[in-house]
1. Could you tell me the convex hull volume per residue, in Å³, taken over the Cα atoms of the chain?
2. For the chain, modelled as a Gaussian network with Cα springs under 10 Å, which listed residue fluctuates most, 55, 94, 11?
3. Among 20, 52, 65, which one shows the highest mean-square fluctuation when the chain is modelled as a Gaussian network with alpha-carbon springs under 10 Å?
4. Could you grab the relative contact order for the chain? Cα pairs under 8 Å, six or more apart, rounded to a whole percent.
5. Distance in nm between label sites at residue 102 and residue 15, each 7 Å beyond Cα in the beta-carbon direction?
6. Using a Gaussian network model on the chain with a 10 Å cutoff between Cα atoms, which of 48, 77, 30 fluctuates the most?
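Just so you know, all these numbers are worked out from the coordinates, no wet-lab data involved. Predicted model, so just to flag it, every value in this text is computed and none were measured. Positions of Cβ are generated from backbone atoms using ideal geometry, with glycine treated the same way; all protein chains shown enter the neighbour counts.
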């Protein structure tokens, strides 16, 4: 699983995602890993999420749930063991999931 996370991160970088964060939540959450990335704009957000979904599925991990739209500024890709949050910059700053996850670790 850790190798897949590295591959997803490299793919995100290739697709111009920024501010990529990964949280190992094994043993304390529904999913094992949570990833966050930012898109350049709403149009990029939609394309980025679609490309990530296809990439992960090609690795043999089917999508469980896809929620959100590029217009909402937030798209969630749930692959059961890996949950990926794709944001535009404004929405990511508003929700600040990193702050929540850091608080949960304490």
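1. Working: hull volume 9.3 nm³, N = 106.
Spelled out: Cα convex hull of the chain, divided by residues, is 88 Å³.
2. Looking only at 55, 94, 11, the biggest GNM fluctuation is shown by 94.
3. Highest fluctuation among the options: 65.
4. Details: 163 pairs, mean separation 26.2, N = 106.
Relative contact order for the chain comes out at 25 percent.
5. That separation, rounded to one decimal, is 2.7 nm.
6. Among 48, 77, 30, the largest mean-square fluctuation in the Gaussian network model of the chain belongs to 30.
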